[in-house]
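A.B. asks: This structure is in structure tokens; I'll ask about it shortly.
The values are calculated or read from the model by the stated rules, or taken from the named source; none is laboratory data. Values in this document were obtained by computation on a predicted structure and should not be read as measured data. With ideal geometry, Cβ positions are generated from the backbone for all residues, glycine too; neighbour counts draw on all protein chains shown. Heavy atoms of the whole protein, side chains included, go into the accessibility calculation; ligands, DNA and RNA do not. Shrake-Rupley method; radii C 1.70, N 1.55, O 1.52, S 1.80 Å.
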Amino acid sequence: MRTWIAVLFLAVSSCRGAAFAIESTGDAPDRPNILWLTCEDTGPHLGCYGDTYSHTPNLDALAQRGMIYLHAWSTAPVCAPARTTIISGMYPSSTGSEHMRSWVPFPPRLSFYPQILRGAGYYCTNNSKEDYNLINEGRVWDESSGKAHWKNRPAGTPFFAIFNFTITHESQIRNRPHDLIHDPSKVHLPAYHPDTPEVRRDWAQYYDRITQMDAQAGEKLRELEEAGLADETIVFFYGDHGSGMPRSKRCPYNSGLQVPLIVYIPPKFRHLASPDYQPGGKTERLVGFVDLAPTVLSLAGVRPPDWMEGHAFLGPYAAEPQPFLFGLRGRMDERYDVMRSVTDGRYVYIRNYLPYLPLGQHVAYMFQTPTTQVWRQLFDEGKLSQAQAYFWQRPRAPEELYDLQNDPDEVNNLAGRPECRDVQTRLEKALRDHILATRDLGFLPEPEIHSRAGDRTPYDYGHSQDYRLPRILQAAEMASSLNPQNIPGLIGLLGDEDSAVRFWAALGLLMHGAEAVDSAQGKLTEMLNDQAPAAQIAAAWALGRSGNDSQREQALKTLVPLIPYENNGPYVAMMALTVVDDLGPLAAGLRDVVEKNAKPEVAPIHNRFKDGIPRLAEHFLQTVAP
């Protein structure tokens, strides 16, 4: 019988520490090494997942020895919030770190999972991408760099090591020149993409990059074998979110969230496997990125701390399988949105809280991809099918429901159909319960995530009674339902004591159109002087879009002092420029103001904010002629 020893340790860093109970078999050699091979922007487009177009011999061989997870989801369809989920074991919407990119304080009493592993005696390395949205003042890794390697560990020390492959990143599927390996004529195009040479070439190059990444993964696996450590090491392989193609990356559909996940557990540590683990097998178990930190701790013999929101799926602390996976979309680079999604493995339910905006907003980085450019051009020319056009259309449907079994490309929206009522109700309830349980901060305007927290972290503010999430969520639901019966209620909410409720009420009237705005013109005009900048901006958006000439002039005057970065910081300035850019020619009178503030004269509070304002300004200035 195995003797378990309870050990209390302190995960100590320069400014951070927390105590946890560890159960272990005693000596370090009896604990597994753990190797994570990760890659960027890659969906389950591997041979072992049944993709006959893909050539991935090394990962296919790993899958033959290990097991693949058929329903693995990233939490976000873009790297920073996805990686933030992994490092913390918490939903980024719970910590206020969902936006791409952001820089958010993490509670000092909590730790990232490598700090806990290091406190448990593991040598932890990361090679090399971090891209976390959370600020952790302590030492997270023993080494995090392009030279980080498990070979540098002290003798006799178990290791946890990550090697991240960037060759599959979005930027690498569009860089030219490139000699194609895969035949573009044989690629399977999803139903939402038009069939053009540009689209086929980008998809073929994506598969080329996957093959190159597979070779890099194979090198790391051979390195482990040659060191005689293959029988001592548990290996994970996964991508950080769906492919870098548009409507995958940045979109919380299954196409943007599903990732390949392969886990190999050598025979020596097979006792740490879950009951469904079978070498060469497949599992239907739902696994999300929020589960990775608890799982690696469990494999190391560490009980995951209660504040982690995921569930271990391997090791002695494995939890019961979860019924749902959850996804999100917040600000994507310079473009704001609020989307939430949930799946039970077969159906995907999506809630759009800003359906006024198209899914395909003008994200400058996304528009560097030839597919994006030709896709938009064909939309403007009216040459797309409905399934292909939806990405660019506004308004979107407030609710979307897809059956992955019969519609894997997610183009046939079943929301509202009587025969799907039970499924939709079940998933809608699961999503709403999750939002409330995790105290989702994404329903606050981004400036208020920070201003409301004050001396606290956003996480601590969000989990206090000060955050009136049920009322704010109800306002967001009313605003985004596009149900005209909600207009009187939204007008009433313009006077609510909570600025986030007022913000959503004004957006709701904007989304309901000119008649709704006209019926509330007096209150919206008063809101132009609101104490909360986000509420001012929302009111200015509604009046700027649907008010009369005098009201529009007042709205634009309201936006002028909110645009300069120097006076407002990145969050307010980006929100104000978002409205100006959306108004386009209606805001032509602000061209000189935008041009003056296109390149802030002061350095951003962090390098993660350097691109948002210039990109918004550039797009507006291109749209509005001098």
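A.B. asks: Using a probe of 1.4 angstrom, how much of the accessible area of the stretch 471-617 is carbon and sulfur, in percent? Could the numbers behind the result be given before it?
C.D. replies: On the way: 2840 of 5950 Å².
Carbon and sulfur atoms account for 48 percent of the accessible area of the stretch 471-617.
A.B. asks: Can you compute the FRET efficiency between residue 130 and residue 212 using 1/(1 + (r/R0)^6), with r the Cβ-Cβ distance and R0 = 25 Å? Round to the nearest 0.05. It would help to have the intermediate numbers written out before the result.
C.D. replies: Working: r = 23 Å, r/R0 = 0.91.
Here the calculated transfer efficiency is 0.65.
A.B. asks: Please give the calculated 222 nm ellipticity per residue for the chain, where each DSSP H segment of at least 4 residues contributes -39500 (n - 2.57) and the sum is spread over every residue; nearest 500 deg cm²/dmol?
C.D. replies: Details: 22 runs with 223 residues, N = 626.
My calculation for the chain gives -10500 deg cm²/dmol from helical runs alone.
A.B. asks: Further question on the same structure: If R₀ is 56 angstrom, what is the calculated FRET efficiency for the pair residue 483 and residue 227, using the beta carbon separation as r and rounding to 0.05? Don't skip to the answer; put the middle values down first.
C.D. replies: Details: r = 62 Å, r/R0 = 1.11.
About 0.35, to the nearest 0.05.
A.B. asks: For the stretch 380-420, calculate the relative contact order in percent as a whole number, restricting contacts to Cα pairs under 8 Å that are 6 or more residues apart.
C.D. replies: Details: 20 pairs, mean separation 12.2, N = 41.
Worked out over the stretch 380-420, it gives 30 percent.
A.B. asks: Report, in order of residue number, the helices in the chain meeting two criteria: a C-alpha extent of 27 Å or more along the helix axis, and a mean Kyte-Doolittle hydropathy of at least 1.6; treat each whole DSSP H run as one helix.
C.D. replies: Flagged H segments: there are none.
A.B. asks: Let me know the shape class of the stretch 102-194, please: from the alpha-carbon gyration tensor, a ≥ b ≥ c as square roots of the eigenvalues, rounded when a/c is under 1.5, otherwise prolate if a/b is greater than b/c, or oblate.
C.D. replies: On the way: a/c = 3.14, a/b = 1.90, b/c = 1.66.
It is prolate, given that a/c is not under 1.5 and a/b is the larger ratio.
A.B. asks: Would you work out what percent of the accessible area of the stretch 262-374, with all protein chains in place, is carbon or sulfur (probe 1.4 Å)?
C.D. replies: On the way: 1690 of 3250 Å².
So the carbon and sulfur contribution to the accessible surface is 52 percent.
A.B. asks: Under a plain spin-label model, where a point goes 7 Å from the Cα along Cα-to-Cβ, how far apart in nm are residue 385 and residue 419?
C.D. replies: 2.0 nm
A.B. asks: So, with a 1.4 angstrom probe, what is the percent of accessible area on the stretch 132-206 that is carbon and sulfur?
C.D. replies: On the way: 1700 of 3340 Å².
Carbon with sulfur: 51 percent of the solvent-accessible area.
A.B. asks: How long is the gain from residue 109 to residue 515 if the chain were fully straight, where each residue apart is worth 0.36 nm and the alpha carbon distance is subtracted? Please list the in-between numbers first.
C.D. replies: Values: separation 406, 0.36 × 406 = 146.16 nm, distance 5.04 nm.
That works out to 141.1 nm of additional length.
A.B. asks: For residue 526 and residue 560 in one chain, what is 0.36 nm times their gap in residues minus the Cα-Cα distance, to one decimal in nm?
C.D. replies: 10.5 nm
A.B. asks: Below 8 Å, C-alpha to C-alpha, sequence gap of six or more: please give me the relative contact order for the chain in percent. Could you put the intermediate results ahead of the total?
C.D. replies: Numbers: 1298 pairs, mean separation 90.2, N = 626.
This gives 14 percent for the chain.
A.B. asks: Relative to the present Cα-Cα distance, how much length would full extension add between residue 166 and residue 596 at 0.36 nm per residue of separation? Mind showing how you got there, number by number?
C.D. replies: Details: separation 430, 0.36 × 430 = 154.80 nm, distance 3.66 nm.
Here the answer is 151.1 nm.
A.B. asks: Next up: Taking the Cα centroid of the stretch 30-81 and of the stretch 573-597, what is the distance between the two, rounded to the nearest whole Å?
C.D. replies: Here the two parts' Cα centres lie 43 Å apart.
A.B. asks: Using Cα positions and a limit of under 20 Å, work out the aspartates and glutamates in reach of residue 596, with same-chain residues fewer than 8 apart set aside.
C.D. replies: 334, 553, 566, 581, 582, 611, 618
A.B. asks: Counting only heavy atoms of protein chains, what accessible area per residue, in Å², does the chain have with a probe of 1.4 Å?
C.D. replies: Values: 23210 Å² over 626 residues.
On a per-residue basis, the chain sits at 37 Å².
A.B. asks: Pairs 129/220; 147/220; 186/249; 523/557: which exceed 20 Å Cα-Cα? Please list the in-between numbers first.
C.D. replies: Details: 129/220 17 Å; 147/220 14 Å; 186/249 23 Å; 523/557 17 Å.
Over 20 Å apart, Cα to Cα: 186/249.
A.B. asks: Modelled label-to-label distance, residue 471 and residue 179, 7 Å Cα→beta-carbon offset: nm?
C.D. replies: Using points 7 Å along Cα→Cβ, the separation is 6.7 nm.
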